[in-house]
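Trainee: Before we start, here is the structure in question, set down as structure tokens.
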Amino acid sequence: MARKIVTIAPPTPNGDLHLGHISGPYMAADVYARVRRLRGDDVVLLCYADDYQSYLARKARELNVERFALGRENGTKIAETLRMIDIELDWFHQAGHNDYFRRAVTQFYTAARDSGNVVSKASRIPYFPAFDMYGYEAFGRGDCNHCGASSDASQCEDCAHAPDVTKMENIRCTLGPSEVEWRTVEREYLRLDAFRGFLRSLYETKALRPHLRAYLEEVLALPDLDWAVTRPHEYGIELDEPGQPNVHTWFSGIAGYFATFCEWADRQGKPELIDAWLKDRDTGLVHFLGFDCSFSHAIAYPVLLSLVDGFQRDVQIYTNRFLKLEGEDFSTSRGHAIWVRDILKTHPADAVRTYLALNSPEEAVCNFSMAEFSAWYETAFNGKLNRLRDTLFNANQKQAFIAIAACDRAAFNTLLRDWRHAGSEGAFSMRRLARVCASVLDLAADAAVHRAADARMLLAAYAVLSSPIHPAWSSALMQRIGLEQSVAAEWLDAALAAASSEPLVLEAA
Ligand SMILES: [Zn+2]
């Protein structure tokens, strides 16, 4: 049994979550956690509200409210939305003015500084006199010097690079018209340049999604990797440090995950888990994030982990591309979004989860069309899946065990091996898992034509295999047919063992 801390990149609590958010790291991390638990791993799934993000400060300024109060209000809403769509976090941490958070960021910052890996450099930053504001992130935009897309000066949503603000064109203030004045400030930088070899060897043999591997190769070939960690004259995190270095929120992400774990362990009344898990190198750390957060998670955080005594460990990273809505980017400011709470008024969480899993933008940008989703819901979910369940199982047809008939076994075992591969470390793919489950459902539907008993076995197997994707549907069916969770887990172990012992048959060309 492996121990894994699974993290979801923290949302900026400046509003609720829409389908674009959910289709990325949230759903994937939840499905991953459920699959690993089904396979017997000990998993803690964590997320936190990024209260120190400057986009929250900008939103609070627009609404003329206190930023941490706004963060808390939206953080509560986000946690509730996640529960509504069955994303079951073990803990959701609110970072603002939180002692766990402050202590953890201080620990990572002092470890980096005391090891000689934080250096001061003069740096030119755009300043907007009309608003007395510096353009580090939420308050300034321009053209990314790496790809040309419109970007803030912190990280580009298109290419995921950290732009060099002095090389960005068309810098402007996001608060309104203002002159741009260039000011020189003294900033602290994390010396990532010194860790190229460490990072290269870290990723050399690791299974990564192709777009992340290509990105890492690009980044590690850049002439200057050093990464600013302070933002003088802007919103920063209060540290237990004299002089209050103005550390910004991207530096603090890895500390945020550790803070969330510590708060969770204490709230469970199990503070001993903090040392037992965090200081054990065998505790896996698995990050789920949008591709645009790759620099912090894949470059900066492994380096920071290597600098804190006892925290050195292997990290697995799953990035996703983005979901579009009707062919365009989701945009909350233009109202081009489908809110999770809204779609759940007309469709069950299981259906939304299944559709998002089937169309997850893991490797490439995907599109969500409401018309296509509605048609799929009527024909595939409500039509095929629910109809098959109601045809095969009624009060007289209990099915407390699973035994796949010999005539279906070869095809089923191939799908089982695919399922195991799609749920394994390194190769994890929610999209592939959902597609394998759909093929198991096809087997059940084919069998249902003349062999109802075999079809019932296959549908029971489908319920177990697809439980990470649509947990409520699976749990309801398993209850209805008297299939206990422990029996299902035992069957799964035995079935996977049997499937892998069968020789692979190579198809003739
Ligand atoms: Zn870019």
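Trainee: Along segment 162-173, what does the Karplus equation 6.51 cos²θ - 1.76 cosθ + 1.60 (θ = phi - 60°) give for ³J(HN,Hα), rounded to whole Hz, x for Gly and Pro?
Mentor: For segment 162-173, the Karplus-derived couplings read 8, x, 8, 4, 6, 9, 7, 9, 6, 5, 9, 8 Hz, x marking Gly and Pro.
Trainee: Note down the relative contact order for the chain as a percent, whole number, built from C-alpha pairs under 8 angstrom at least six residues apart.
Mentor: Worked out over the chain, it gives 17 percent.
Trainee: In addition: Please sort by residue number the GluC sites (Glu not before Pro) in segment 124-196 whose DSSP state is loop and whose Cβ has at most 10 other Cβ atoms within 10 Å.
Mentor: Counting only loop positions with at most 10 other Cβ atoms within 10 Å, the GluC sites (Glu not before Pro) in segment 124-196 are Glu179.
Trainee: Using 24 Å as the Cα-Cα cut-off, could you pick out the over-long pairs in Lys77/Lys345; Lys4/Lys345; Lys77/Lys279; Lys4/Lys270; Lys345/Lys384?
Mentor: Lys4/Lys345; Lys77/Lys279
Trainee: Hey, rough spin-label estimate for Glu169 and Lys345, points 7 angstrom out along Cα→Cβ, what's it come to in nanometres?
Mentor: Going by the 7 Å Cα→Cβ label model, 4.5 nm.
Trainee: How high is the relative contact order of segment 369-501? Use alpha-carbon pairs under 8 Å, at least six apart in sequence, and give a whole percent.
Mentor: 30
Trainee: Got a sec to turn the phi values of segment 315-332 into Karplus ³J(HN,Hα) couplings, 6.51 cos²θ - 1.76 cosθ + 1.60 with θ = phi - 60°, whole Hz, x for Gly and Pro?
Mentor: Those phi angles translate into 10, 10, 10, 10, 9, 10, 7, 10, 9, 9, 10, 6, x, 10, 4, 4, 9, 6 Hz.
Trainee: In whole Hz, with x marking every Gly and Pro, tabulate ³J(HN,Hα) for segment 399-408 from phi via Karplus 6.51 cos²θ - 1.76 cosθ + 1.60, θ = phi - 60°.
Mentor: 8, 7, 9, 10, 9, 7, 5, 4, 5, 9
Trainee: Enumerate the lysines that Lys167 could reach by cross-link, defined here as Cα to Cα under 25 Å, with residues fewer than 8 away along the same chain left out.
Mentor: The qualifying lysines are Lys121.
Trainee: Now for a separate question. Can you give the angle from 0 to 90° between the axis of helix 67-84 and the longest principal axis of the chain, with both taken from C-alpha atoms, to the nearest 10?
Mentor: Taking the Cα atoms of the chain, the angle to 67-84 is about 10 degrees.
Trainee: Cross-link candidates for Lys59: which aspartates and glutamates have Cα within less than 14 Å, leaving aside residues fewer than 8 places away along the same chain?
Mentor: Asp16, Asp50, Asp51, Glu73, Glu137
Trainee: Of all DSSP beta bridges located in segment 8-155, what percent are antiparallel, nearest 5?
Mentor: Percentage antiparallel, nearest 5: 55.
Trainee: Kindly point out, ordered by number, any Cys in the chain whose beta-carbon has no other cysteine beta-carbon under 4.7 Å away.
Mentor: For the chain, the answer is Cys47, Cys173, Cys262, Cys293, Cys366, Cys407, Cys437, because their Cβ atoms have no other cysteine Cβ under 4.7 Å.
Trainee: So which trypsin sites (Lys or Arg not before Pro) in segment 220-299 are both in a DSSP loop and have at most 14 other Cβ atoms within 10 Å of their Cβ?
Mentor: Taking segment 220-299 and a limit of 14 other Cβ atoms within 10 Å, the loop trypsin sites (Lys or Arg not before Pro) found are Lys279, Arg281.
Trainee: State the extension gain, in nm to one decimal, for the chain segment bounded by Ala2 and Ala453, taking 0.36 nm per residue of separation less the distance between their alpha-carbons.
Mentor: Full extension of this stretch gives 158.7 nm more.
Trainee: Assuming R0 = 22 Å, can you tell me the calculated FRET efficiency for the pair Asp226 and Asp329, based on Cβ-Cβ distance, to the nearest 0.05?
Mentor: 0.10
Trainee: Give me the percent of DSSP beta bridges within the chain that run antiparallel, rounded to the nearest 5.
Mentor: Roughly 50 percent of the DSSP beta bridges within the chain come out antiparallel.
Trainee: I've got another one for you. Quick one: angle between helix 485-501 and the longest Cα principal axis of the chain, in degrees between 0 and 90, rounded to 10, please.
Mentor: Computed tilt is about 90 degrees.
Trainee: Using the alpha-carbon centroid of each, what span in Å lies between segment 443-504 and segment 98-150?
Mentor: Cα centres, segment 443-504 to segment 98-150: 51 Å.
Quick note: the coordinates plus some simple rules give every number you see, no bench work behind them. Being a predicted model, the structure only gives us computed values, none of them experimental. For neighbour counting, all protein chains shown are included, and Cβ atoms are generated from backbone atoms with ideal geometry for every residue, glycine included.
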